[in-house]
Amino acid sequence: MRDTLVLNASFEPLSTVTLNRAVVLVLQAKAVVEQAHPELRMRGAAVDIPAPRVIRLCRYVRVPFRRQAPWSRRGVLVRDRHRCAYCGRRATTVDHVVPRSRGGQDTWLNTVASCAEDNHRKADRTPEQAGMPLLHEPFEPTPADAMLLALGHDDFEALPDWLAQPAA
Ligand SMILES: [Zn+2]
């Protein structure tokens with residue numbers, strides 16, 4: 001997958017995102033295309049635009065790239081793409097891997113997105129105690145995640161089908 005460079009409104013390079021996310025940011029009027037691939041276009045029923053190589057955000061975002069992004073429940077859901085860490089289905093809640101009742105903290109490495117069912121089932125137990133292994137380990141969000149979070153761009157599930165593959 002080709003990545004697109006994202007510039008802040010001040011033209012300062014921020015991060016890279018996938019081509020799909022870049023196009024969605026442009027279609028949502030959150031970014032403008034600064035430079036396009038000469039031969040690659042994104043085509044859909046109502047859209048036909050050059051595939052962006054560089055985009056620039058329409059408004060300036062402050063993103064703490066050199067320090068840790070502040071933890072938030074919404075941030076955990078964005079980082080995990082709204083996928084449950086236990087079953088992979090759509091997640092709407094945040095689960096503490098080590099439960100708060102056992103001293104677990106609100107940190108990126110101790111929280112995962114979870115469906116309500118699994119969150120309820122796991123209750124005040126660790127994944128080992130509950131027999132519910134994590135599908136993936138929690139991680140610190142990437143600069144791209146932090147940037148998208150700062151933009152309020154958190155609904156990755158809304159990607160239109162035609163954007164799944166760029167048209168050649
Ligand atoms: Zn689940």
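Selection of first residues in region 40-51 that are in the same structural domain as GLN28 (by TED's automatic domain parsing) and of second residues that are open to solvent by 40 Å² or more (accessible area, probe 1.4 Å) and among the basic types (Lys, Arg), restricted to Cβ pairs under 9 Å at least 6 apart or on distinct chains, gives the following pairs, ordered by first then second residue: LEU40/ARG2; LEU40/ARG53; ASP48/ARG41; ILE49/ARG41; ILE49/ARG43; PRO50/ARG41; ALA51/ARG2; ALA51/ARG41. Remark: pairs (first residue in region 108-133, of a type in the set (D, E, K, R); second residue in a strand (DSSP E or B); Cβ separation under 9 Å; 6+ apart in sequence or on different chains) = ASP118/THR93; ASP118/ASP95; LYS122/ASP95; LYS122/SER114.
Among residues of region 24-39 being within 10 Å of ARG53 (Cα to Cα) and of a type outside the set (S, T, N, Q), the one that is modelled with the lowest pLDDT is PRO38. Counting just the residues of region 101-113 that are open to solvent by less than 90 Å² (accessible area, probe 1.4 Å) and away from the ligand (no atom under 16 Å from the Cβ), which one comes out nearest to GLU140 (Cα to Cα)? The extreme case among them is TRP108. Looking across ALA116, ALA85, one residue alone is modelled with pLDDT of 90 or more, within 16 Å of the ligand (Cβ to nearest atom) and open to solvent by 20 Å² or more (accessible area, probe 1.4 Å). It is ALA116. With respect to the conditions (1) at pLDDT 95 or above; (2) out of contact with any helix residue (DSSP H, G or I) (no Cβ under 8 Å at 6 or more places or on another chain); (3) assigned to a loop (DSSP other than H, G, I, E, B); (4) away from the ligand (no atom under 15 Å from the Cβ), VAL98 lacks only one, and its number is (2). Count of region 143-166 residues, restricted to those that are at pLDDT 50 or above and exposed (fewer than 14 other Cβ atoms within 10 Å of the Cβ), is 2. Annotation: of all residues in region 119-146 being outside any helix (DSSP H, G or I) and of a type in the set (A, V, I, L, M), the one that is farthest from the ligand (Cβ to nearest atom) is ALA123.
The values are calculated or read from the model by the stated rules, or taken from the named source; none is laboratory data. All figures in this text were calculated on a predicted structure; none of them were measured in a lab. A quick note on method: Cβ atoms are made from the backbone with ideal geometry, for glycine too, and the neighbour counts reach across all protein chains shown. SASA here: full protein model, heavy atoms, side chains in, ligands and nucleic acids out. Shrake-Rupley method; radii C 1.70, N 1.55, O 1.52, S 1.80 Å.
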